[in-house]
1. If you fit an axis through the alpha-carbon atoms of helix B:394-403 and take the longest principal axis of the Cα set of chain B, what angle between them do you get, 0 to 90°, nearest 10?
2. Would you list A:LYS200, A:LYS265 from fewest to most Cβ contacts within 10 Å?
3. What ranking, highest mean first, results for peptides A:451-457, A:183-189 when packing means the other Cβ atoms within 10 Å averaged over each residue?
4. Between A:LYS197 and residues 5 or more places away or on another chain, which pairs have amide H atoms under 5 Å apart, with H built 1.01 Å from N, and which residues are they?
5. So which GluC sites (Glu not before Pro) in region A:36-130 end up in coil per DSSP with only 15 or fewer other C-beta atoms within 10 Å?
6. Please arrange A:LEU416, B:LEU353 by how many other C-beta atoms lie within 10 Å of their C-beta, fewest to most.
7. Mind checking B:127-139 for the average number of partner chain beta-carbons within 10 Å of each residue's beta-carbon?
8. Give the average, rounded to an integer, of partner chain Cβ atoms located within 10 angstrom of each Cβ in B:46-55.
Amino acid sequence: MSDESMVQPGRWNAGLPESIFTKGAPGRRGLTFPRWDGEPVAADLPAGMRRAEPADFPSLSEPEVMRHFTQLSNLNHHIERGMYPLGSCTMKYNPRVNEQIAALPGLADLHPEQPVGDVQGLLAALKLLEESLCEITGFAACSLIPAAGAQGEYLGMFVIRALHLHNGHPERAEVLIPDSAHGTNPASVVIAGMVPKTLKSRPNGRIDLDALRAAVGPRTAGIMITNPNTLGLFENDITEIAAIVHEAGGRLYMDGANLNAIMGKVRPGDMGFDVVHMNLHKTFSTPHGGGGPGAGPICVTPELQPFLPGPWITAGADGGFTLENLPGRDSAAIHSYYGNVGVCLRALAYILRCGGDGLVRVSECAVLNARYLLSQLRDILPVANADQCLHEFVASGVSWKNEFGVRTLDIGKRLLDYGVHAPTIYFPLIVEEALMVEPTETESKESLDRFIAAVRAIHREAATDPEVLHGAPHTTPVGRMDEARAARQPDLSWLGPCNCG
Amino acid sequence: MPYIPHAPGDIRAMLDAVGAADISDLFAHLPAEVRLRRPLDLPAGLSEEEVRRYFRKAAARNHGQGELVSFLGGGVYDSIIPAAVDALVSRSEFLTAYTPYQPEVSQGTLQAIYEWQSFVCRLTGLPVANASMYDGATALAEALSVALAAGRRKTVIVPQTLNPRYARVVRTMLGGEGITVKEAPVGPEGTTDPEALRALVDGDVAAVALQNPNYLGLVEPVDVLSGVVKGAGAQLVAVVNPVSLSVLKAPGEYGADLAVGEAQPFGIPTSWGGPLLGFLACSDAHKRRIPGRIVGRTEDSRGNMGYVLTLQTREQHIRREKATSNICSNQGLNALKATIYLGLLGKEGLDALGEANLTRIAALRRRVRDVPGAGLPFPGPVFNETVVRVPGDAAAFLAFARERGVLAGIPLQDVPGCTAGDFLVAVTEKRTAAEIDEFGGLLEAFLAGAGKGA
């Protein structure tokens, strides 16, 4: 029986899919299991241990599930659809061969409790990745275990704390953090049992040496620096900064979020840093996957190496590898096993594909792309210290606000209508109406030119019809969301009707 | 370099626009004293085929669960992965999308996370769940932090029957905050001793973790233990294998305040233990306290229902040093895999999955009982894992079985309540009757050989 009210003509991809809980019908199956072909056996589970009510799941067939999630996918912006100029996020192309490799039998189907003899090829690959990351960053030792950049920060803070405790300095618990830093930095310090201390930076986000000299002392555990900083500017005084902090007895942590700008040009280890974390899902091309999983390995100096969590992958004289778990090292366990191994394999594939020369080219073209965009947009989006920007820049939309009454948020939302993801906005906090743009090296000149044309078109719209920006986006599957309502009356799980039977 | 589009002509044109003669000029302002004056000491770049060859060779040196027969578990399982899962998650719309901070162009990711949260709530019997955590171990540590943040008490209790890998992570992550971590002892039956727990739960205990089934595979007396915990005014944090919630009592049914666990068996490869999929659910009282991303349903400017990241004032990018967690990602793609898996599984499939595990572990235990010399030191009810005991050292049997292509289990010699002869054996819906019989046959062969002094 048909019901004509159920259908109406519309644009392709218009309309949101219903909840999966309203789909299907009792009795449908999307997954069946091999029949038990042994002798019958009774399950040994007393009734009192069983759940009273089965979990209310909907019942869908495989084609219905495929269609549901395919329809959902059509609502997403993604790298293969268009540009993602998100500052500090390094949204570069994710090579497909990496996915093939991580899924190979003999890699994807390894169990973490297998004997070490079963995983020799894997350990060789992970060791090669460790060594490659050490070469890229100029360090002696690497831990691949942190499952994300934030966990890398935490582990980095943890090993610095462990060093000071080992040296009999529990009072060294203050970590200096410039006010331009990402919010994870202070949160990581606190969770590692230390105290963050904000360091006011200069207007260009660079460290103020006088403020630094005044801030360090016998309680200083270290400093966390993002270099290049969140404005895309290199800390030109880094050697002196390192000397001041080291002289005071502290250690230097580098947030490697912006490593994509400097590969083969400068290395954190050579600048005087003691620890760096890398985001494999940024610099080394592993997919963001709508929010994860990524990976955040850290590299450290020989002094900090003993405090890295076990197990350590150790090469034997016979070409084999062992997993060493010396006493005490377990105390730094931050993951059930060895972190996001599948992500690490993808990153190694990328490094092998690029090679040393290729990685240098990556950074060169990432910087060239940012500088080209900047050169074509700075008349309408001014950028401080423009001639020193590396892979990203932070423009100020303050003139748009004053002249046209449109905010940076409106610019970002209107870009969505032009098929471009919004840049990072209102970060870092030290730039008014900040608009942070990082094109990455995988955008072509034509793609950059389209972005430039879009921004200029939006600038004209702002002058002639600012309401178009205020109401943007207009062409997306949904408009601006009522975020206040979402937070005030949280609806966090489907409680509506369920075709659960 | 096929990943970089720039032709020489493009570079020239762009440099001209910038006003630079050469690409190296863009780096000329970097301080001389820190410049790398040599090429990176890495091999030259390879073609895609050469990269694939390197990894094929590396993979060929490994021996995975596809080649062997695996009875390994302990939180990560050799489960069936339906083809539809990989087909859907390899769509670039999911794979290459960023965190859904722009909801207008991220409704696919957002609705999928909301549906994941909904599935987790239904499984655990709790009203709130987040978008995911790195793994079960970090999810537990974070849940204990939530319970600690809810009051002034400064002690948490973890049972000796907790996965030791989880216990280690808890000790690291709670170690920096002046928190005491105590252990509740295991009783002779391999489960947590309620009376010993009662003696430990004093007025400073903020939370007690309870793993069910526990690390030894045994179903804990959850109602009794929950009563002890609640009676002392502490929070109960359940650590559960979500597959077991097909049949076992849900955390919400026995009064858990928070529930965490590892959802890898829902369509995610074991991948040497990562990336995994931690989940975290909680009572309504904790919803503004839990870490991680949360998706909520709301309305847009055009009156459509849609989804957004919400309750963000909990998170580090707003609260900075006042945040209780520094987590700033979620295991997005793995949560998507699990959501697709659960969508395929459905209500009847969930029941079938639970019964398939119960049948296979019962068959394995029956087979072990028939082997002279082998034993089941803890015969209480289990879901999909059991401890098996051999005389002497379990490592000798595990090596014997491995030589014959079987990953027979995880040694337990350092686990409280266990002996050197104990090991943990897991089944999943994937194990066949023949494989389970082979496991018994290996035990027989090993013990017969050992009896002859072989």
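Since every read-out is calculated from the coordinates, none of them should be taken as a lab result. All values reported here derive from a predicted model rather than from experimental measurement. Every residue, glycine among them, receives a Cβ derived from its backbone with ideal geometry; neighbour counts consider all protein chains shown.
1. Relative to chain B, helix B:394-403 is tipped by roughly 60 degrees.
2. On the way: A:LYS200 12, A:LYS265 20.
Placing the least packed residue first, the sequence is A:LYS200, A:LYS265.
3. A:183-189, A:451-457
4. HN-HN under 5 Å from A:LYS197: A:VAL175, A:LEU176, A:ILE177.
5. Those that pass, being in a loop and sparsely packed, are A:GLU80.
6. Taking fewest neighbouring Cβ atoms as first place, the list is A:LEU416, B:LEU353.
7. Mean number of neighbouring Cβ atoms from other chains: 4.
8. For peptide B:46-55, the averaged partner shielding equals 6.
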